[in-house]
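The values are calculated or read from the model by the stated rules, or taken from the named source; none is laboratory data. All figures in this text were calculated on a predicted structure; none of them were measured in a lab. Backbone-built Cβ (ideal geometry, glycine too); neighbour counts: all protein chains shown. Accessible surface is based on the protein model in full, side chains and every heavy atom, while ligands, DNA and RNA are left aside. Shrake-Rupley method; radii C 1.70, N 1.55, O 1.52, S 1.80 Å.
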Amino acid sequence: MVGNYILSFIGFLPADDPQVVVYVAINNPKRVVQYGGVVSAPVAKSILTDAIDALGIERRKNTSEKKYNWDDKKFYTVEDVVGKTPKEAAKILTKYNLEYSGSGNIIISQSPEAGTRLEEQSTIRLMLGN
């Protein structure tokens, strides 16, 4: 049937020595965004959090936690591509949309400038010259 979805999420812990695996599937949820990360993941998180306490799993030292959620905006520092060819710049600036203007085969300026923090998929304008 059209519009009927099963939203699911699977998780495990601890990452370096799995002791618990949780699979949550919600059949045909109504009036919600149709993403497992929005609907099923919070249920799995609650179960996994309880499992940490129940099993006495301790926080690992020298590890880092992922700070992003599925809908978080990601920012990166723009690298310098002045003096490079458009092909070289495209390999370096893969997280952005590129717009070229001018003529020539060398990038003579970029906007925003190198070192700027910019949201992923933002546009960088590259001026071409010789």
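Could you rank Ile52, Ile108 by how accessible they are, 1.4 Å probe, largest area first?
Of Ile52, Ile108, the descending order of accessible area is Ile108, Ile52.
Antiparallel DSSP bridges in the chain: what percent, to the nearest 5?
Details: 16 of 22 bridges.
Here the antiparallel bridges make up roughly 75 percent for the chain.
Per residue, how much accessible area does the chain show when a 1.4 Å probe rolls over the protein heavy atoms, in square angstrom?
Numbers: 9580 Å² over 130 residues.
Accessible area per residue, the chain: 74 Å².
What 222 nm value per residue comes from the helices of the chain, counting each DSSP H run with n ≥ 4 as -39,500 (n - 2.57) and dividing by all residues, nearest 500 deg cm²/dmol?
Numbers: 3 runs with 26 residues, N = 130.
Using -39500 (n - 2.57) per qualifying helix, the result is -5500 deg cm²/dmol.
Accessible area, 1.4 Å probe, largest first: how do Arg60, Arg117 sort? Write out the running numbers ahead of the final one.
Values: Arg60 85, Arg117 140 Å².
Output order, biggest surface exposure first: Arg117, Arg60.
So if I average 1/r over every pair of distinct C-alpha atoms in region 1-122 and take the inverse, what Kirkwood radius in Å does that give?
It works out to 18.7 Å.
Any idea what the relative contact order of region 83-125 is, in percent, if you count C-alpha pairs under 8 Å spaced at least 6 apart?
51 percent
Taking Cα pairs under 8 Å and at least six residues apart, what relative contact order does the chain come out at, in percent?
Details: 197 pairs, mean separation 24.2, N = 130.
About 19 percent, as a whole number.
If you plug each phi of region 91-107 into the Karplus form 6.51 cos²θ - 1.76 cosθ + 1.60 with θ = phi - 60°, what whole-Hz ³J(HN,Hα) values come out, in order, with x for Gly and Pro?
Values, residue by residue: 6, 7, 9, 5, 8, 10, 8, 10, 10, 10, 9, x, 9, x, 10, 10, 7 Hz.
Determine ³J(HN,Hα), in whole Hz, for all residues of region 37-47 in sequence, where each value follows from phi through the Karplus function 6.51 cos²θ - 1.76 cosθ + 1.60 and θ = phi - 60°; x replaces Gly and Pro.
With the stated coefficients, region 37-47 comes to x, 8, 9, 7, 4, x, 5, 4, 4, 4, 5 Hz.
Calculate the FRET efficiency for Lys73 and Ile6 from the Cβ-Cβ distance with a Förster distance of 25 Å, rounded to the nearest 0.05.
So, using R0 = 25 Å, E works out to roughly 0.30.
Using a 1.4 angstrom probe on heavy atoms only, work out the carbon and sulfur share of the accessible area of region 35-130 in %.
Carbon and sulfur: 48 percent of the exposed surface of region 35-130.
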